[in-house]
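For reference, the structure discussed in these notes is given below.
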Amino acid sequence: MKFPRLFGRLSTRSHLALGLAALTVCMLMTASWIGLVPDVEALTRAHRAAIAETVAISASTLLDDRNPQALQETLDFVLSRNPDIRTLGVRAHDGRLLLSLHDHALHWSPGAHEVATDSEVAVPVFQAGEPWGDIELTFAPLRDAGWRGRLEDPSLRLAAFAFVACTLMFAGYLRRMLRELDPSRAVPQRVRTAYDTLTEGLLVVDGDGVIVLANRSTGAMLGVEEHALVGRSPSEFPWQSAAGVAAERATLPWEIALASHQIQRDVHLAVASTTGARFSLRANCSPILDERGRMQALVVSFQDVTELEQRGVALRIAKEHADAANEAKSQFLANMSHEIRTPMNAILGFSEVLRRGGFGDATVARQHLDIIHSSGRHLLNLINDILDLSKVEAGKLEAERVPTAPHEVAREVVQTLAGRAAEKQLALTLDIPAPLPATIPADPARLRQVLTNLVGNAIKFTEHGGIVVTLRLDERDASGRRYRIDVRDSGIGIPADRLASVFEPFVQAESSTTRRFGGTGLGLTISRGFARAMGGDIDIHSVPGQGTTFSVWLPLATADTATLVDPAQLLEARVDAAPAPTRLWRFPPARVLVVDDGIENRQLLRVLLEQVGLQVFEAENGRIALERVAAVPVDLLLMDMQMPEMDGETATRLLRERGCTLPIVALTANVMKGFEQSLEGTGFSGYLTKPIDVDALMLDLAGRLGGELVDDEPAAAGSAPAELDSTSARTDAGRRGPPIAIAPGYPPPTHAHGSALVSRHARHARLAPIVDRFVQQLPAKLVEMNTAAARGDHPELARLAHWLKGAGGSMGFDDLFEPSRLLEEAAQAGDSRAATQIMTDLNELEHRIRLGAARRPIPETLR
């Protein structure tokens, strides 16, 4: 493999010189073979043979004379006259050595008389015409034995001499001739200088595709000196197409131009030079033809567009990032619109029901409060994630510095999130171990958001134990103290190498955390921004598997520590405000078809509409709505937009095509610009946005069905339970877990693993039978989901997860919502590993739900 590389590096002149020298040597060897060149060794052999014959003739004559003495004298004379003869001997016919001159017996090889060699010759002698014996002669060898003797071969020495001499002579001759014939010498020096200073690469290729002229820029692009390019083909370099794949020789523009005699313009190519640099080039090829149309030469130019291409790539990447960011923002806004409007629909709707005092059963009213409370918690988490996001990105967070009571803010946060902690059987404690200032300079709204986020995260990432919020004064340094709020949990903890990244936007400690616990990853970023805007900061300390402590510290003014208040006084509770008055509607008898795939939305609308005297029918999707309209006379349709099997837009279009003129009011969470025209084009009579504004709903229906607004009336006595508040609905220890401690100290947390789960609608007279049916069908649904996950049927798994996400939350099993949502996302993304992990959690929750159903029987239904 080394010889081809060596010869490949030789210049054209060297190749030609070696070739001509080889031809000369071949001619000499041929001449020697046919006898045109004398063979010295052959002449020597002939001379030795002649001497041997002469000696044999003389010996035969002397033997006939029977004069042995004369024979010996003759042989001595022959030795003295022929220096090449080393020894001489006379051997009788029977093999006896009769005469040995110069120790002939020591130098003669046995059997040598049978075959003559360059150094040993045996000639027969006769006596009286009969064979008498042999004359044996040994000569000096013509050549040494072994490789040295081979090198002394006259023919080889002649060939070597001719090859070396001819190579040197031809090289010198060709050097001069090629210099005279060099096309570049035909170009004046001033033109050549300008030619070499061009940034554009230029080549002149002859009709055979061989380079005859190249400038310096071309050599730099190919990594070869320009004079070394002469005699080579431009096609032998590693060219690539614009797509980055190796270009076929036939597709190169100069090859096409040579074959077609046509100009080739703006052909994008890439080439890797011998130095490792990569160039992106734009090639142009212009044929030079004679008067008969025959190819004389081809001018090839290369424009270096590497920098432009790199800028284009950077611009394309930036555009892709911008498009992705815009798409992510649109998706984020769409998701937030949907996520916010869903709990708002329940909050505003059931709040309106309670305001109107339409229920006298305290249990029913309490269940409505449960729905409001659950939806409010969900909404609170969403708001915390997106609050002031634009200001965080712009770095323009602002915070007030007004007298603020951190203990009151902390107590409100603990009270607000107490129910959420109780559902997970976690202890949530507010601890003030020592006196604190009554107020400090801070922003109460920002501080509330920070603590809500930190406590909410602690609840989210804690499965056993509890969370303690501790307020204290902390020694910062010798110059003074600072106000410190610790939020300590006994959750999963954070690895040390991930602590710094938790404050980055959209980042959580592990990639699997989002799938398991959810969240946007914005909360800690915003919280630290708020803390710093108030002049403080947030620190973190965590031990994986043991828990995490987030410490919020705030600066103190000099006068803040002058008067300190005891913990008992700081923990006193405040009295809530009284509810606002209600408005009541009255409608004539009419039938309304509610079309929505969310059972909780249908239930809410049923409660609202039946309360004002309307008769309600339900349909889960557009297909069923078409059947209901054909079978049951109705006066108005409330149509959801996004539903399985058939959405609201398709169903409305089909109803209009069939001649239906009933009012069809869209229920939509889409508030993007231009959606009204889309609804009108489909055939909707109007629209209501989610969450449902009860007054707007009643006002719209009143205009279509003849409803009337009656005077405000106080709620009937006993229509609402006297003990109606969130605490009484959450303190059933057997069903909801340990009570929430809002007092100094940190009691040991308790958590019963695998404890029973009971629906918050379990005591609702109207919803209890529906919950019972849900509990009964849940095991079969989980079997279907496990089967779909096992065989990798992601579309079916996503469909079932979507059902469980809506049905579980609506049936009062809030713990099912988040894992179901994550399972749906994992299935849509085709993430089998995440889906399997989440299914394990869902199977455990299903077991706990069955335990709750066995321990707390569902009440009988009200029919």
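The values are calculated or read from the model by the stated rules, or taken from the named source; none is laboratory data. The model shown is predicted, which means the values in this text are computed figures rather than measured ones. Cβ: placed from backbone, ideal geometry, glycine included. Neighbour counts: every protein chain shown. Each accessible area value is taken on the protein alone, full model and side chains, heavy atoms only, with ligands, DNA and RNA left out. Shrake-Rupley method; radii C 1.70, N 1.55, O 1.52, S 1.80 Å.
Worth a mention:
- Top-ranked residue in segment 8-58 [being open to solvent by 70 Å² or more (accessible area, probe 1.4 Å) and in contact with a Ser or Thr (Cβ under 8 Å, 6 or more places away or on another chain); ranked as modelled with the lowest pLDDT]: ASP39
- Residue within segment 264-283 that is assigned to a loop (DSSP other than H, G, I, E, B), modelled with pLDDT of 85 or more and among the charged types (D, E, K, R) present: no
- Counting only residues that are part of a helix (DSSP H, G or I) and open to solvent by 100 Å² or more (accessible area, probe 1.4 Å), segment 69-84 holds 4 of them.
- In segment 248-276, residue surrounded by the fewest Cβ atoms within 10 Å (Cβ to Cβ) [restricted to those that are in contact with a Ser or Thr (Cβ under 8 Å, 6 or more places away or on another chain) and within 18 Å of VAL305 (Cα to Cα)]: HIS268
- Failed criterion for ARG658 (all others in (1) crowded, with 17+ Cβ neighbours inside 10 Å; (2) over 48 Å from the mean Cα position of the chain (by Cα) hold): (1)
- Residues being in a strand (DSSP E or B) and modelled with pLDDT under 85 - total across segment 290-306: 2
- Annotation for segment 760-782: no member residue is open to solvent by 50 Å² or more (accessible area, probe 1.4 Å) and modelled with pLDDT of 85 or more.
- Pair list, Cβ under 7 Å, 6 or more apart: segment 414-431 residue in contact (Cβ under 8 Å) with a residue 24 or more places away in the chain, other residue aromatic (Phe, Trp, Tyr): THR429/TYR746; ASP431/TYR746
- Residue, modelled with the lowest pLDDT, within segment 582-601, restricted to residues that are closer than 30 Å to TRP803 by Cα and open to solvent by less than 20 Å² (accessible area, probe 1.4 Å): GLY598
- Within the set PHE359, PHE350, PHE332, the sole residue that is crowded, with 18+ Cβ neighbours inside 10 Å, modelled with pLDDT under 70 and among the aromatic types (Phe, Trp, Tyr) turns out to be PHE359.
- Within segment 17-37, the set of residues being out of contact with any helix residue (DSSP H, G or I) (no Cβ under 9 Å at 6 or more places or on another chain) and not in a helix (DSSP H, G or I) comprises ILE34, GLY35.
- Residue ranges of helices (runs of 4 or more DSSP H) in segment 101-218 with at least 3 members modelled with pLDDT of 70 or more: 104-107, 154-181, 189-197
- Some residue of segment 614-631 being of a type outside the set (Phe, Trp, Tyr), open to solvent by less than 60 Å² (accessible area, probe 1.4 Å) and out of contact with any strand residue (DSSP E or B) (no Cβ under 9 Å at 6 or more places or on another chain): no
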